[in-house]
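Step one of this worksheet: look at the structure below.
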Amino acid sequence: MEVKKLKMSMTNVLKSDLKKILLDCGIQPSFQRLAIFEYLYQHDVHPTVDMIYRSLSRDIPTLSKTTVYNTLNLFIKKGIVTGLTIEENEMRYDYNVKPHLHLKCTKCKKIWDIKCDASFSNLNLIEGHRILEKQVYLKGICRSCLKKQKK
Ligand SMILES: [Zn+2]
Ligand SMILES: [Zn+2]
């Protein structure tokens, strides 16, 4: 019971923080936009539009796939979400906008965030080229799949 209470208050704090982030970049935090933003924040597996829509439309029956898509594009334009095209045919969305590397697991298809060192994140010139965006994609087998293999 205590744990449940604590979890609920944490969710509330989080919601108001997320709302503030939206407001700070000039986005009207409608119920649906906030729900999409919150989903991305809580699911760091880089979901697709479909994954977000399928999960949220259970609770928000008025939500359309187009709204999810348009909202994500707005978030990208404002710089609070990054779009990843690790596979040509699918766009994945990422709340974490700090530079980091991505590892796509060839077994479970999840995309994991990999921290990169500060020297890489602060690098703006590489061999005389100016860097505007850093996206590094790694492919491999993630630690949870490796663990399963060992069993
Ligand atoms: Zn895996
Ligand atoms: Zn990421």
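The rows are residues; the columns are (1) part of a strand (DSSP E or B); (2) touching a residue at least 40 places away in the same chain (Cβ under 8 Å); (3) outside the structural domain of Asp44 (by TED's automatic domain parsing); (4) within 29 Å of Ile27 (Cα to Cα).
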| residue | (1), (2), (3), (4) |
| --- | --- |
| Ile76 | no, no, no, yes |
| Gly79 | no, yes, no, yes |
| Ile86 | yes, yes, no, yes |
| Lys107 | no, no, yes, no |
| Cys116 | no, no, yes, no |
| Phe120 | no, no, yes, no |
| Glu133 | no, no, yes, yes |
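Taking the conditions (1) out of contact with any Gly (no Cβ under 9 Å at 6 or more places or on another chain); (2) modelled with pLDDT of 85 or more; (3) more than 16 Å from ligand 1 (Cβ to nearest atom) in turn, Gln149 satisfies each one other than (3). Of all the residues in the stretch 43-99, those that are of a type in the set (D, E, K, R), out of contact with any helix residue (DSSP H, G or I) (no Cβ under 7 Å at 6 or more places or on another chain) and more than 14 Å from ligand 2 (Cβ to nearest atom) number 9. Within the stretch 70-102, being among the basic types (Lys, Arg) and away from ligand 1 (no atom under 16 Å from the Cβ) holds for Lys77, Lys78, Lys98. Exactly one residue out of Cys105, Cys116 is surrounded by 14 or more Cβ atoms within 10 Å (Cβ to Cβ) and within 16 Å of ligand 1 (Cβ to nearest atom): that is Cys105.
Here is the figure for the stretch 73-87: residues that are modelled with pLDDT of 90 or more and over 10 Å from the mean Cα position of the chain (by Cα) total 6. Within the stretch 65-82, is there a residue that is in contact with a Ser or Thr (Cβ under 8 Å, 6 or more places away or on another chain), exposed (fewer than 14 other Cβ atoms within 10 Å of the Cβ) and within 24 Å of Ala35 (Cα to Cα)? There is no residue in the stretch 65-82 that is in contact with a Ser or Thr (Cβ under 8 Å, 6 or more places away or on another chain), exposed (fewer than 14 other Cβ atoms within 10 Å of the Cβ) and within 24 Å of Ala35 (Cα to Cα).
Starting from residues that are assigned to a helix (DSSP H, G or I) and in contact with a strand residue (DSSP E or B) (Cβ under 8 Å, 6 or more places away or on another chain), keep the ones in the stretch 15-64 and report whichever is surrounded by the most Cβ atoms within 10 Å (Cβ to Cβ).
Taking the stretch 15-64 and keeping what is assigned to a helix (DSSP H, G or I), we get 15-24, 31-42, 49-56.
Among the residues that remain, those that are also in contact with a strand residue (DSSP E or B) (Cβ under 8 Å, 6 or more places away or on another chain) are: 40, 49, 52.
On the way: Leu40: 20, Val49: 18, Ile52: 22.
Taking the candidates together, the pick is Ile52.
The values are calculated or read from the model by the stated rules, or taken from the named source; none is laboratory data. Since the model is a prediction, treat every value here as computed from it, not as a measurement. Neighbour counts run over all protein chains shown; Cβ positions are idealised from the backbone, glycine included.
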